[in-house]
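Take a look at the structure set out below.
Values quoted throughout were computed directly from the atomic coordinates according to the rules given, and no laboratory measurement underlies them. As the structure is a computational prediction, the values presented were derived from the model and not from experiment. Cβ coordinates were reconstructed from backbone atoms using ideal geometry, including for glycine residues, and neighbour counts include every protein chain displayed.
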Amino acid sequence: MTPVWNEKLQQWGYFYYEDAIQGEWWGIDRSQIMNNYEIETKMGQQIEKTFTYHAPKDDQPERYVAIRDKAKELAYLIVKNTPPSREQSLAITNLESAIYCANAAIARNE
């Protein structure tokens, strides 16, 4: 195997081997590494549901706005009543996650 310099990996100073690009990875077929488990039907359905675009329908857009508006109120309440800190940032980040999950619940399950 011949070491090859890769521009993208240059910043970390890594080399890769030409054979790795051609499907061999230090004597191991990459297809064996990438396919260790079968996807169960339920998990396949969950992946499809999660990573598929769900166009808003009926009153969903209005509910998304209502959820975001209440979350925005809470975000201002948190920022006005807590000192700037890691914990404050986490509170805002987790509020963002809560909005995402609430909207995803509507989009994916109706």
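Miscellaneous remarks
- Neighbour net charge for K42 - beta-carbon separation under 15 angstrom, K R +1, D E -1: -1
- Extension gain, R63 to R108: 0.36 nm times the residue separation minus the Cα-Cα distance gives 14.8 nm.
- Fewest-first sequence of V65, V79 by Cβ atoms within 10 Å of each Cβ: V65, V79
- Average Cα contact separation per residue, the stretch 42-109, under 8 Å, 6 or more apart, as relative contact order %: 49 percent
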